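Values quoted throughout were computed directly from the atomic coordinates according to the rules given, and no laboratory measurement underlies them. Nothing here was measured: the structure is a model prediction, and the numbers come from that model. Here the Cβ positions follow ideal geometry from the backbone for every residue, glycine too, while neighbour counts run over all protein chains shown.
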Amino acid sequence: MQTTIYYREEDQYLIDKLEKKANRERKSKSSCLLSIVEEYFEAENRVGEILTDMGALTKGKLEDGLDKQSNKKNGKKIGDILVEEDYIRGVDLDRALQVQGKSDER
């Protein structure tokens with residue numbers, strides 16, 4: 001898929017920043033832009049919603065994990081429970097936390 005972006009001259013600095021970020025991360029500008037947009041729209045979501053949006057977790061397994069979390073009352077985070085139950089992979093949880101802006105919480 002290809003998308004064209006139209007921007008004003010005064011927004012050129014944003015395009016320049018995007019290009020620097022892409023070079024620094026060794027990614028395409030498109031990939032960096034999609035990451036930025038994803039983080040913007042998903043930042044307010046809970047980690048389970050992000051995992052579901054990513055396709056890494058079904059709603060049924062999320063509900064099951066939330067039930068286990070509320071039944072155990074041990075203070076475990078939902079992400080840790082989902083990994084322990086093999087509902088998601090650790091890399092998927094890491095990605096969801098990164099998107100949420102909480103990658104240092106695991």
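May I ask for the longest run of the chain untouched by chymotrypsin sites (Phe, Trp or Tyr not before Pro) that are loop-located per DSSP and have at most 11 neighbouring C-beta atoms (other than their own) within 10 Å?
Value returned for the longest uninterrupted segment is 8-106.
Ordered by residue, what ³J(HN,Hα) values in Hz, to whole numbers, does the range 44-50 give under the Karplus form 6.51 cos²θ - 1.76 cosθ + 1.60, where θ = phi - 60° and Gly and Pro are x?
Residue by residue, the range 44-50 yields 8, 7, 6, 4, x, 5, 5 Hz.
Using the 10 angstrom Cβ neighbour count as an exposure proxy, how do Leu18, Leu34, Leu97 rank, fewest first?
The fewest-first ordering by Cβ neighbours comes to Leu34, Leu18, Leu97.
Tell me, what are the semi-axes, in whole angstrom and largest first, of the equivalent ellipsoid of the chain as set by the roots of 5 times the Cα gyration tensor eigenvalues?
Gyration-tensor ellipsoid for the chain: 34, 13, 12 Å.
For the chain, set up a GNM with springs between Cα atoms under 10 Å and report which of Asp94, Asp16, Asp53 has the largest fluctuation.
Answer for the Gaussian network model of the chain: Asp16.
Could you calculate the FRET efficiency of Arg24 with Lys59 from 1/(1 + (r/R0)^6), where r is the beta carbon distance between them and R0 is 41 Å, rounded to 0.05?
0.65
Can you work out ³J(HN,Hα) from phi for every residue in the range 64-74, in order, using Karplus 6.51 cos²θ - 1.76 cosθ + 1.60 and θ = phi - 60°, giving whole Hz and x for Gly and Pro?
Running phi through 6.51 cos²θ - 1.76 cosθ + 1.60 with θ = phi - 60° gives 4, x, 5, 4, 5, 5, 6, 6, 7, 6, 9 Hz.
Of the lysine pairs in the chain, how many meet both conditions: Cα atoms under 26 Å apart, and a spacing of 8 or more in sequence or different chains?
27
Calculate how steeply helix 12-25 sits against the longest principal axis of the alpha-carbon atoms of the chain, using the helix alpha-carbon long axis, and give the answer as 0 to 90 degrees to the nearest 10.
60 degrees
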